[in-house]
Amino acid sequence: MTALCPFHLAFPVDDLAAARDFYGNLLGCSEGRSSSEWIDFNFYGHQIVAHLAPDEAGAVPANAVDGHGVPVRHFGVVLPMQDWQVAADKLTAAGVEFIIKPYIRFKGEPGEQATMFFKDPSGNAVEMKAFADINNLFAR
């Protein structure tokens, strides 16, 4: 397997100050370059860019997965299990409203994973997950 390369993701927000607070202060993403129209964040080693585009931000449809409505358009990160639990505890303590509360899905299957979904202040869905065995990230 080759080394993972950082990905780049640009997404719409309707309020840059709220994005800065959410991604920077709550999620702990350090800030890179920015302007009056966008902000770069270090999202666990990946570059995500919040672009001011109020008409593009908002709700997304969901598909059924393991009995939950998973937002079709979402992004996220796969963390080590201990880091996932720390994030789940921090988000819960901060009063974040979850789309899907932290839980273990696909128990006993090769793809067993901890997952949680929540929205940023602009309505973008974010998922954080962790695998019982990271070698099963792409297991069928």
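The values are calculated or read from the model by the stated rules, or taken from the named source; none is laboratory data. As the structure is a computational prediction, the values presented were derived from the model and not from experiment. FYI the Cβ positions are ideal-geometry reconstructions off the backbone, even for glycines, and counts take in every protein chain you see. Quick note on the areas: whole protein, heavy atoms, side chains included, nothing else; ligands and nucleic acids left out. Shrake-Rupley method; radii C 1.70, N 1.55, O 1.52, S 1.80 Å.
From the list Asp40, Asp89, which one is part of a helix (DSSP H, G or I) and either at pLDDT 90 or above or closer than 26 Å to Phe131 by Cα (or both)? Quick ask: steps written out before the conclusion?
Numbers: Asp40 fails: part of a helix (DSSP H, G or I).
Result: Asp89 is the single residue among Asp40, Asp89 that is part of a helix (DSSP H, G or I) and either at pLDDT 90 or above or closer than 26 Å to Phe131 by Cα (or both).
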Item checked: Scope the range 12-32; condition under 15 Å from the mean Cα position of the chain (by Cα) and open to solvent by less than 30 Å² (accessible area, probe 1.4 Å); matching residues -> Pro12, Val13, Ala19, Phe22, Tyr23, Gly24, Leu27, Cys29
Next item on the list: Only residues that are open to solvent by 70 Å² or more (accessible area, probe 1.4 Å), under 18 Å from Glu112 (Cβ atoms) and either in contact with a His (Cβ under 7 Å, 6 or more places away or on another chain) or of a type outside the set (S, T, N, Q) (or both): list them for the range 73-99, please.
Entry: Pro80, Met81, Asp83
Checklist line | Where Val70 falls short, out of the listed (1) closer than 18 Å to Phe11 by Cβ; (2) open to solvent by 60 Å² or more (accessible area, probe 1.4 Å); (3) in contact (Cβ under 8 Å) with a residue 24 or more places away in the chain; (4) in contact with a strand residue (DSSP E or B) (Cβ under 6 Å, 6 or more places away or on another chain) | finding: (2)
Next item on the list: Collect the residues in the range 43-70 that are over 16 Å from Pro6 (Cβ atoms) and outside any loop (DSSP other than H, G, I, E, B), keeping them in residue-number order.
Entry: Ala50, His51, Leu52, Ala62, Asn63, Ala64, Val65, His68, Gly69, Val70
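Taking only the range 109-123 into account, find how many residues are of a type in the set (Ser, Thr, Tyr) and either free of Cβ contacts under 8 Å to residues at least 12 places away in the same chain or outside any loop (DSSP other than H, G, I, E, B) (or both).
The initial filter retains those residues of the range 109-123 that are of a type in the set (Ser, Thr, Tyr), namely 115, 122.
Now narrow it down to the ones that are either free of Cβ contacts under 8 Å to residues at least 12 places away in the same chain or outside any loop (DSSP other than H, G, I, E, B) (or both): 115.
Final tally of qualifying residues: 1.
Among the residues of the range 124-140 satisfying the criterion of being part of a loop (DSSP other than H, G, I, E, B) and not aliphatic (A, V, I, L, M), which is farthest from Lys90 (Cα to Cα)?
If we filter the range 124-140 for residues that are part of a loop (DSSP other than H, G, I, E, B), which is where we start, we get 124, 132-133, 137-140.
Now drop any that are not not aliphatic (A, V, I, L, M), which leaves 124, 133, 138, 140.
Numbers: Asn124: 19, Asp133: 23, Phe138: 28, Arg140: 31 Å.
Taking the candidates together, the pick is Arg140.
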Notebook entry, point to check: Taking the range 1-37, which residues are of a type outside the set (Gly, Ala, Ser), more than 23 Å from Ile99 (Cα to Cα) and in a loop (DSSP other than H, G, I, E, B)?
Noted result: Met1, Thr2, Leu4, Cys5, Pro6, Phe7, Glu37
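Can you give me the number of residues within the range 103-140 that are under 28 Å from His51 (Cα atoms) and open to solvent by 20 Å² or more (accessible area, probe 1.4 Å)? So that I can check it myself, show each step before the final result.
Quick first cut of the range 103-140, residues under 28 Å from His51 (Cα atoms) only: 115-130.
Applying the additional criterion that residues be open to solvent by 20 Å² or more (accessible area, probe 1.4 Å) yields 119, 121, 129.
Total satisfying the criteria: 3.
Could you please let me know if Ala64 is more than 20 Å from Val86 (Cα to Cα) and either among the aromatic types (Phe, Trp, Tyr) or at pLDDT 90 or above (or both)? Write out each step before concluding.
On the way: more than 20 Å from Val86 (Cα to Cα): yes; either among the aromatic types (Phe, Trp, Tyr) or at pLDDT 90 or above (or both): no.
Here the answer is no, as Ala64 does not meet what is asked.
Tell me whether the range 92-108 contains one or more residues that are part of a helix (DSSP H, G or I) and either in contact with a Lys or Arg (Cβ under 9 Å, 6 or more places away or on another chain) or under 23 Å from Leu16 (Cβ atoms) (or both).
Pass one, the range 92-108, residues part of a helix (DSSP H, G or I): 92-93.
With the extra rule that they be either in contact with a Lys or Arg (Cβ under 9 Å, 6 or more places away or on another chain) or under 23 Å from Leu16 (Cβ atoms) (or both), the set shrinks to 92.
Scanning the range 92-108 turns up at least one residue that is part of a helix (DSSP H, G or I) and either in contact with a Lys or Arg (Cβ under 9 Å, 6 or more places away or on another chain) or under 23 Å from Leu16 (Cβ atoms) (or both).
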